Amino acid sequence: MTPQEFLDSVQRKKIFPVTLLHGGEDFLIDECVRAVIETTLDEGAKGFNLDVVYGSKTDVQEVIAHASAFPMMGDKRVVVVKEFEKLATTDPAKEIFKAYLEHPLASTCLLLVSADADLRKKPFTDLKKLAEVVECKPLYDNQVPDWIDRRIRELGKTADPESCRLLHAYVGNSLRALQNEIEKLFIFVGEKKTIGAEDVSEVVGASKGYTIFELQNAIGRKDLREALRILHAMLEAGQSPQMIIVMLTRFFQQLWKLSELKSKRTPDVALAREIGVNPFFLKQVVQFQSNFSSSHLENSFRVLLETDTTLKTTTRDKQGVMDLLVYSLVKGVPEFEQSLSGL
């Protein structure tokens, strides 16, 4: 069962007597545990019917004692065992635990949390057969923007795809860190229902120093000195070279698409929509596009790809490689590989 399937089940109040929550994404685990507690227990009943213990500080007998107790002033109890993989389990204790799994108390929701579950060994093999198992693994890169979009919608606002990708690029894959930044964005935009890329840049990018928009604008103006200054500040602030490459690639895709659409005499409103920019910034992007020939744009895509490959496959100095990238994007230097060999 995935975390989302589990949360959907909890929302329908279909909660299993014993659930193993395991994996490396602790934010998803915490979210699942919180959902069970909030759905199952009234605020006043938590003091009587909620127990949280740690596997490193308890044993199987104590866990079973908590799970076997009947609820007070309510219909359900919730028992959470964190660090379950550290629970001291001798062979007799494992059998006691298995006996409970075979006949769990229906009024108890026993949640077993493990960051490092070995599903090939007892008691995890028993849990696979006799309990619900929810894997809370970290999301892949291509899953994170969709998670951001869904989370923002769940909280009552919307964000366009570019905003979600930009937030992912700035923050990375940590869902807890992303949630923190989403909360900041909600405060920043106030009553506005839509979160834009400019909002993300203002809130998240500003906290990291210079933003990717400032870098791409300097490149768009072909201001090499300013572009290198901004790049160095971004790298010193810990911003990811891969994030910079991804966003610059999108910038040059916009310029390329704009050159095609302009030749078809596309109206400005449609132009802004097609290339994915706010109409307010269209005039600026059109000016940037006029600074680059078709051959310069083609060369830029090749340089961006070669830079990404170089950073992923070699141990060359990252700042030197990124300096060369920005120089090539501004100047349109075709001999990128030869220049790279000199680093």
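The values are calculated or read from the model by the stated rules, or taken from the named source; none is laboratory data. Not measured: the values here are computed from a predicted model. A quick note on method: Cβ atoms are made from the backbone with ideal geometry, for glycine too, and the neighbour counts reach across all protein chains shown.
Structure data summary
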| item | result |
| --- | --- |
| Checklist (1) surrounded by fewer than 20 Cβ atoms within 10 Å (Cβ to Cβ); (2) in contact (Cβ under 8 Å) with a residue 40 or more places away in the chain; (3) aliphatic (A, V, I, L, M) applied to Met72, failing item | (2) |
| Residue in the stretch 292-304 that is closer than 18 Å to Ile245 by Cα, free of Cβ contacts under 8 Å to residues at least 40 places away in the same chain and among the hydroxyl-bearing types (Ser, Thr, Tyr) present | no |
| Counted residues, the stretch 208-230 - those being small (Gly, Ala, Ser) and at positive phi | 1 |
| Near pairs, Cβ below 9 angstrom, 6+ apart or cross-chain, from the stretch 215-243 (farther than 21 Å from Leu255 by Cα and not assigned by TED's automatic domain parsing to the domain that holds Val303) to any residue that is of a type in the set (Phe, Trp, Tyr) and outside any helix (DSSP H, G or I) | none |
| Leu224 vs. criteria among the hydrophobic types (A, V, I, L, M, F, W, C), modelled with pLDDT of 85 or more and more than 22 Å from Pro161 (Cβ to Cβ) | yes |
| Cross-chain or 6+ apart pairs with Cβ under 7 Å, the stretch 115-142 first and under 15 Å from Glu85 (Cβ atoms), then in a loop (DSSP other than H, G, I, E, B) and of a type in the set (D, E, K, R) | Phe124/Asp118; Cys136/Glu25 |
| Condition met for Asn173 (over 22 Å from Glu202 (Cβ atoms), assigned by TED's automatic domain parsing to the domain that holds Phe213 and surrounded by fewer than 16 Cβ atoms within 10 Å (Cβ to Cβ)) | yes |
| Residue list for the stretch 162-194, filter: in contact (Cβ under 8 Å) with a residue 60 or more places away in the chain and at negative phi | Glu162, Arg165, Leu166, Ala169, Tyr170, Ser174, Leu175, Arg176, Gln179 |
| Boolean, Thr307 is farther than 15 Å from Asn217 by Cα, among the β-branched types (Val, Ile, Thr) and surrounded by fewer than 17 Cβ atoms within 10 Å (Cβ to Cβ) | no |
| Leu87 being at pLDDT below 90, closer than 24 Å to Asp26 by Cβ and crowded, with 17+ Cβ neighbours inside 10 Å | yes |
| Total residues in the stretch 1-57, condition touching a Phe, Trp or Tyr at 6+ places or on another chain (Cβ under 7 Å) and not hydrophobic (A, V, I, L, M, F, W, C) | 1 |
| Residue within the stretch 25-46 that is of a type in the set (Ser, Thr, Tyr) and farther than 22 Å from Pro138 by Cα present | yes |
| Unique residue being assigned to a strand (DSSP E or B) and closer than 30 Å to Ser174 by Cβ when the list is Leu7, Leu21, Leu28 | Leu21 |
| Meets criteria (under 19 Å from Leu50 (Cα atoms) and either of a type outside the set (A, V, I, L, M) or surrounded by fewer than 20 Cβ atoms within 10 Å (Cβ to Cβ) (or both)) for Phe124 | no |
| Matching option when the condition is β-branched (Val, Ile, Thr), touching an Asp or Glu at 6+ places or on another chain (Cβ under 7 Å) and under 22 Å from Pro123 (Cβ atoms), among Thr58, Thr19, Thr90 | Thr19 |
| The listed residue being out of contact with any His (no Cβ under 6 Å at 6 or more places or on another chain), on the phi < 0 side of the Ramachandran plot and at pLDDT 95 or above, out of Val63, Val80 | Val80 |
| Close pairs (9 angstrom Cβ cut-off, 6 or more residues apart or separate chains): assigned by TED's automatic domain parsing to the domain that holds Val81 in the stretch 42-59, part of a strand (DSSP E or B) and exposed (fewer than 14 other Cβ atoms within 10 Å of the Cβ) anywhere | Gly55/Ala88; Ser56/Ala88; Thr58/Ala88; Asp59/Ala88 |
| Ala69 vs. criteria out of contact with any Leu (no Cβ under 7 Å at 6 or more places or on another chain), more than 17 Å from Pro17 (Cα to Cα) and either at pLDDT 90 or above or not charged (D, E, K, R) (or both) | no |
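This table checks each residue for (1) surrounded by fewer than 16 Cβ atoms within 10 Å (Cβ to Cβ); (2) basic (Lys, Arg).
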position: Gln4; (1), (2): yes, no
position: Arg12; (1), (2): yes, yes
position: Gly24; (1), (2): yes, no
position: Lys76; (1), (2): no, yes
position: Lys82; (1), (2): no, yes
